[in-house]
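Here is the structure we will look at.
The values are calculated or read from the model by the stated rules, or taken from the named source; none is laboratory data. Computed from a prediction, not measured in an experiment: that's the story for all the values here. In this analysis, Cβ positions are derived from the backbone assuming ideal geometry, glycine residues included, and neighbour counts consider all displayed protein chains.
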Amino acid sequence: MISEHLRAIHQRIARAAEAAGRKPEDVQLLAVSKTKPPELIREAYAAGQRAFGENYAQELRDKAQALADLRGLELHAIGPLQTNKAKYVAQSAAAFHALDRPGLAEELSKRCLALGRVLPCYLEVNLGGEAQKGGVAPDGLEPLLEASAQLAGIRVVGLMCIPPNLDEPEAARPYFARLRALRDRLASKHPALTGLSMGMSGDFEVAIAEGATVVRVGSAIFGGR
């Protein structure tokens with residue numbers, strides 16, 4: 001079942017990319033496996049999936065240990081992170097998609113330097129001004145990027161956003177377009193800023209049309225919680 005779902009998602013990604021004049025291989029699929037048991041990750045891995053998204057730092061740590069035998073497995077941390085749990089992300093994450101404050105950037109950098117690694121990070125931008133969501137406000141993005149660029153243990157590779165809950169996928173397009181515009185404006189000074197982590201099960205095709213390089217798809221692969 002999971003293999004069929006993955007095949008369908010890859011077909012949709014390919015169609016969306018080609019419609020936008022892009023190459024399908026330029027869009028990475030993160031299979032969001034939060035709250036799902038390691039056995040389902042193994043099933044998706046057997047079907048060819050290698051990159052997975054986890055929301056919770058300790059769950060990420062536990063799954064990294066449980067799945068350590070899977071060569072080439074990538075577990076990405078995609079949810080909000082408390083500073084005191086940064087050690088788990090520094091140790092186990094292939095990338096972090098929700099960096100939103102200087103203190104967290106400093107702690108992640110310190111932890112990664114102690115491990116002798118550099119962690120790719122996406123800065124999360126709160127484009128909807130929603131108090132219940134994480135993310136830096138757009139006017140705070142450049143200062144956070146400048147501060148993060150000074151830290152040797154992390155490398156900012158892109159921006160991430162989660163639009164407000166909307167009834168129609170097309171309603172998310174302005175948010176995706178705005179994130180791309182922010183990326184394009186800042187990339188002149190920060191050429192490593194190439195990624196756009198945006199789009200989920202309900203709207204990833206719109207996100208691809210607006211330039212997404214990473215889409216985070218969970219329920220369309222694994223089903224609901």
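Just checking, which of E59, E54, E43 is in contact with a Ser or Thr (Cβ under 8 Å, 6 or more places away or on another chain) and closer than 12 Å to F222 by Cα?
Details: E59 fails: closer than 12 Å to F222 by Cα; E54 fails: closer than 12 Å to F222 by Cα.
Only one candidate passes the filter, namely E43.
When you scan region 135-144, how many residues do you find that are surrounded by fewer than 16 Cβ atoms within 10 Å (Cβ to Cβ) and either assigned to a loop (DSSP other than H, G, I, E, B) or hydrophobic (A, V, I, L, M, F, W, C) (or both)?
1
Only one residue in A64, A19, A57 is among the aliphatic types (A, V, I, L, M), farther than 23 Å from G195 by Cα, out of contact with any Asp or Glu (no Cβ under 8 Å at 6 or more places or on another chain) and at pLDDT 95 or above. Which one?
On inspection, the qualifying residue turns out to be A64.
Could you tell me which numbered condition A86 fails, if it satisfies all but one of (1) surrounded by fewer than 22 Cβ atoms within 10 Å (Cβ to Cβ); (2) farther than 30 Å from V206 by Cα; (3) among the small types (G, A, S)?
(1)
Scan region 101-119 and give yes if some residue there is part of a loop (DSSP other than H, G, I, E, B), among the small types (G, A, S) and over 24 Å from A31 (Cα atoms), otherwise no. First the steps, then the outcome.
Here is the first cut: in region 101-119, the ones part of a loop (DSSP other than H, G, I, E, B) are 101, 116-118.
Next, only the ones that are among the small types (G, A, S) stay: 116.
Those left that are additionally over 24 Å from A31 (Cα atoms): 116.
Checked against the condition, which is being part of a loop (DSSP other than H, G, I, E, B), among the small types (G, A, S) and over 24 Å from A31 (Cα atoms), region 101-119 yields at least one hit.
Taking only region 35-50 into account, find how many residues are within 19 Å of V214 (Cα to Cα) and either buried (at least 18 other Cβ atoms within 10 Å of the Cβ) or in contact with a Lys or Arg (Cβ under 6 Å, 6 or more places away or on another chain) (or both).
4
With respect to A47, determine if the residue is touching a Leu at 6+ places or on another chain (Cβ under 8 Å), aliphatic (A, V, I, L, M) and within 22 Å of A98 (Cα to Cα). Working first, answer last.
Values: touching a Leu at 6+ places or on another chain (Cβ under 8 Å): yes; aliphatic (A, V, I, L, M): yes; within 22 Å of A98 (Cα to Cα): no.
For A47, the condition - touching a Leu at 6+ places or on another chain (Cβ under 8 Å), aliphatic (A, V, I, L, M) and within 22 Å of A98 (Cα to Cα) - is not met.
Could you give me the residue pairs with C-beta distances under 6 Å whose first residue belongs to region 51-64 and is touching a residue at least 24 places away in the same chain (Cβ under 8 Å) and more than 11 Å from T35 (Cβ to Cβ), whose second residue is basic (K, R) and not in a helix (DSSP H, G or I) wherever it lies, and which are 6+ apart or on separate chains?
As it stands, the answer is G53/R216, since those pairs meet every condition given.
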